[in-house]
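Input: a single structure, listed below in structure tokens.
The values are calculated or read from the model by the stated rules, or taken from the named source; none is laboratory data. Keep in mind the model is a prediction, meaning the values are calculated, not measured. Backbone-built Cβ (ideal geometry, glycine too); neighbour counts: all protein chains shown.
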Amino acid sequence: MDLGEGLRKAIAKLTGATIIDAKTVREFNKELQRALISADVNVELVLSLTQKLEDAALKEKLPEGVSAKDYITNMLYEQLIALMGESFVPVMKPKHVLLLGLYGSGKTTTAAKLARYYQERGLSSALIACDVSRPAAYEQLETLAKQAGVGFYGIKDEIDVRKILKGAQAALKDKKVLICDTSGRNALDKSLLDQLKVVDEEFKPDEKVLVINADTGQVAGKQAKEFDNAVKLTGVVVTKLDGSGKGGGALSAVSAAHVGIEFIGTGEKLNAIELYDSKKYVGKLLGIPDLESLVSNVQQAIKDANVKPEEMASEELSYSTFYTQLKAMSKMGPLNNMMASLGVSASKEALEQSEVKMKRYKAIIDSMTQMEREDGSLLSNSGRIKRIARGSGSTEKEVRELISDFNKMKKMYKLMKNDRNVRKQFSKFMPK
């Protein structure tokens, strides 16, 4: 059970109670403690939070017109925001960003994500390969730079970071944001510190950002403090937050170390990075919809998939337009992120099955002829179904399952298109 599921379960127990008395509050707090501690949040922080909730519920006078349930839930929301730290707003101006981190933190991928993030907001960006320790680090960063559509500089097999940085400053002088990827270690040792000092002196970074894997949980706070003491960090990026049960522990630990969280990584794709907003993060945990982020993600996914807006809003749903919509959805990252934005919880197994089905449906449509994509009635022919199944590596049953699901969607699509209110809401998702 992840942190969000545990918190929502605790709140459900509270809202399902007929009266809010001491026994109900303490049972609610036990559920909270179980959820937070299992997410690797520091025990002392958990006990402090739940004690505040208990005191507020049992000792404070409730505001007029506010129920005890609503008051406790709102206080939980505010306490979690305080626990998870301040939100971040980046300074959008030319700068040098130095990325630091231990092995396995996701530093190199984060470098490409950040470069893409800034470039999409009007600041031309480039990556500098100064990880001179890890085999294939140069090739990995070069590949990621191409995928992100940003600049790149490195000197293959060069171990002198000064030489690399001098070359980079000259070669990338037209770029507004330079992001330097550095070597990692299993721990912050003297050799890593010495190398970082050289990079710091030559690169003159405006920002020094530590990349930490959410799987480290409470240890994230210790890492942040050690690096901050050594090089004076300006911020932290917490990666792999989507798949970690210890994400809440990592975020709260970094906040407790008094080092600001700037971005969070929410998946493997280069668009799977978000500005850290503690209100939005806690809102997702508690099942509060974040429609603003959802709309933004849909618009970006449509652009990334090179989909024309008219294809998404076509008057008639065909296999071609359905395929276009599947392609855009696949650019949005894991389904659990999308569901969280809607404030909807679903089991991990159900979401994984849905993602598998989406991929299978794309493969099946890929195996259709253009005529079949435009005229679904042709698929009543069993010979066509057999050919499509063979071409897509699917079974005939799976092809028939797509046809059945598609026909149901087509009916629903027609009803929605005839509803003026639905059309008005749908227009929000179109790229500006």
Worksheet item: How many residues does the stretch 281-319 contain that are in a helix (DSSP H, G or I), buried (at least 18 other Cβ atoms within 10 Å of the Cβ) and either under 16 Å from the mean Cα position of the chain (by Cα) or at pLDDT 55 or above (or both)?
Response: 11
Worksheet item: Does K13 fit the bill of being outside any loop (DSSP other than H, G, I, E, B), modelled with pLDDT of 85 or more and among the charged types (D, E, K, R)?
Response: no
Item to complete: Working only within the stretch 81-106, note down all residues that are out of contact with any Cys (no Cβ under 8 Å at 6 or more places or on another chain), closer than 30 Å to Q169 by Cβ and not in a loop (DSSP other than H, G, I, E, B).
Response: K95, L100
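For the stretch 32-80, name all the residues that are charged (D, E, K, R) and in a helix (DSSP H, G or I).
R34, E44, K52, E54, D55, K69, D70, E78
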Fill in: Residues satisfying the stated conditions in the stretch 218-275, i.e. in a strand (DSSP E or B), among the aromatic types (F, W, Y) and over 15 Å from the mean Cα position of the chain (by Cα)
none
Worksheet, complete the sentence: Residue set I155, I159, I179; condition crowded, with 22+ Cβ neighbours inside 10 Å and either out of contact with any His (no Cβ under 6 Å at 6 or more places or on another chain) or at pLDDT 95 or above (or both); output residue I179
Worksheet item: So, of the residues in the stretch 82-121 that are β-branched (V, I, T) and surrounded by fewer than 17 Cβ atoms within 10 Å (Cβ to Cβ), which turns out to be nearest to K197 (Cα to Cα)?
Response: V91
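Pick from G221, G249: which is modelled with pLDDT of 90 or more and not assigned by TED's automatic domain parsing to the domain that holds L32?
G221
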Response to the item:
Filter the stretch 122-139 for residues that are among the polar types (S, T, N, Q) and surrounded by fewer than 18 Cβ atoms within 10 Å (Cβ to Cβ); the one that is farthest from E201 (Cα to Cα) is S124
